[in-house]
Every structure is written in structure tokens, then in C-alpha cells.
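Quick note: the coordinates plus some simple rules give every number you see, no bench work behind them. In this text the structure is predicted, and so the values were computed from the model without any measurement. Every residue, glycine among them, receives a Cβ derived from its backbone with ideal geometry; neighbour counts consider all protein chains shown.
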Amino acid sequence: MKTKMNRLLTFICILTAFISLLLIGCNNNDIPFDSNNLLKGVWAKAKHNGETITFKRVKSLPEKEYSVAFNDANVFIQKTSGFCGTPPLTFYDDKGTYNADKVLIKVQLDNFPGNFNWEIVSLTEKELVVKTALTEREKEHQELLKMYSIFHTIATSKTCENSNDWAYTNYGSKACGGPQGYIAYSKKIDVSTFLKKVDIYTKAEDIYNKKWGIVSTCDIPPKPTNIECANGVAVLKY
């Protein structure tokens, strides 16, 4: 009798476990996904944490929430309210295309800002974590900004007390030709090193402009006539 009862209990336990697995499988299948391409689908409930964005897989694009969809034929849809962010927010579908591998998602939008890249931090059937990956052009522009910051910091490192101790030089390269502008510097700094850094920046910007087809206005910045000291700062006068 006990043996039959034990067998019955064992059968019930196995049956219960089997039904539980079926229920779990059904719950997982509520949001379908392609096991061969986990990226494909709709991602919402975005949470920003520093440089990363964490998405959860959902069934469809929410009406009033930032979300993205990676569809067949490399079609990309972004549900967004734009860049203004002023209530009341109006969400709309911003469409484009995408290409992706295991590391990088490259998105090309039909509208501004045109394109962006996401580095895939992690990707599962339920969650997508990405962070912005700079394009080659953006990386080079960042380097230009760093170079400018270096020589600008040197130029402004001295207090202007006597304008006779100051001079100026042109810097940068406009895409249409000519310098971006002029900058004052103290004659008490290492002038040779400073001017070399300005020259390196100017040449680098010229290369950048030509490489990326940068456009600019063709007006020529006026050349300063003299320098005046105002509250310890060298001011170029025209």
C-alpha cells in the first residue's frame, strides 16, 4: 500500500513539475524573440545609468515612451519626443536603417541627427544594454577640442597687467580657407612651444575639414589692431 502511495506521490510531483515548466515556457513565449538574432524585436523601459542605457524586451512600441525596434530588412524605428523635452511631450516614430554585429549597432536615421552608433554591452532574450560609441569623425573632433583646450589654457595662464607684454596669433583653419580667429598670449610664457601647439592644431583642423567635407562660411575674421588689459584679461581690439 505504501509503495503504491509513494509511486502516486512521485507521479504527482513529476506531473506538477512538468506543468510548471510548461507554464514558464508559455510566459517566456508571451514576448517572442529570434534565438538566432536576439537584437531583433522591440525594446523599451529605458533606464539611463551614466554612459549606458538598459532596455527591456516588450511586445510593441509604447505610445508615450522612448523605445526602439530592430525589425526585418534592417529597418530601425525609434519612438521619441525629439530633443526639446518640454512638456507636453509628443512622441512620434523616427525611422531609419541599422546594421549590427555582436559588438556594434550602427543606426542611420532619415531625420536629424542622422546617425549614431551603440556599443552592445550585453544582450539577452529579455534585456539589451548599450552605450554610445563615438564615430571616427566624432573621435577626431574630440581630439581637436583637446588640442585647442591645451593651447588656450597656456595662452590664458598669465594675468594681463601690461598690454606691451602680450601678442597675438591666428589659429585654426576654416573649411573655406583662412584662420578660425585670433588669440592673445603672454610673451612671458614659452612662446616657441605655444606657437608650435597652435600650428599643430591648425594643420590638424585643415586635415579634418578636408577628410570629412566640412563646410563653413567664407568670411575672413578681422585682424586685431591692438591688445588691452581688462580685469587681468587680455582683450583683442579691432
Exercise for the section: List, in order, the whole-Hz ³J(HN,Hα) value for each residue of the stretch 127-143 obtained from phi through the Karplus relation with A = 6.51, B = -1.76, C = 1.60 and θ = phi - 60°; use x for Gly and Pro. Expected result: 9, 10, 10, 10, 9, 5, 10, 5, 6, 4, 5, 5, 5, 5, 5, 4, 5
Fill in the blank from the handout: Ordered by number, the GluC sites (Glu not before Pro) in the stretch 138-238 that occupy a DSSP loop and have at most 12 other Cβ atoms within 10 Å are Glu161
Handout entry: At q = 0.16, 0.17, 0.18 Å⁻¹, base-10 log of I(q)/I(0) for the stretch 82-198 (Debye sum, equal scatterers on each alpha carbon)
Key = -0.89, -0.93, -0.99
Exercise for the section: Would you mind calculating the gained length between Asp101 and Ala73 on full extension (0.36 nm times residue separation, minus the Cα-Cα distance), in nm to one decimal? Expected result: 8.6 nm
Problem - Residues in the stretch 204-238 reached by a label modelled at Asn164 [backbone nitrogen below 15 Å; 7 Å Cα→Cβ] - result: 227-229
Fill in the blank from the handout: For Lys95, the lysines lying under 22 Å Cα to Cα, once residues fewer than eight places off in the same chain are dropped, come out as Lys40, Lys45, Lys47, Lys56, Lys59, Lys64, Lys79, Lys106, Lys131
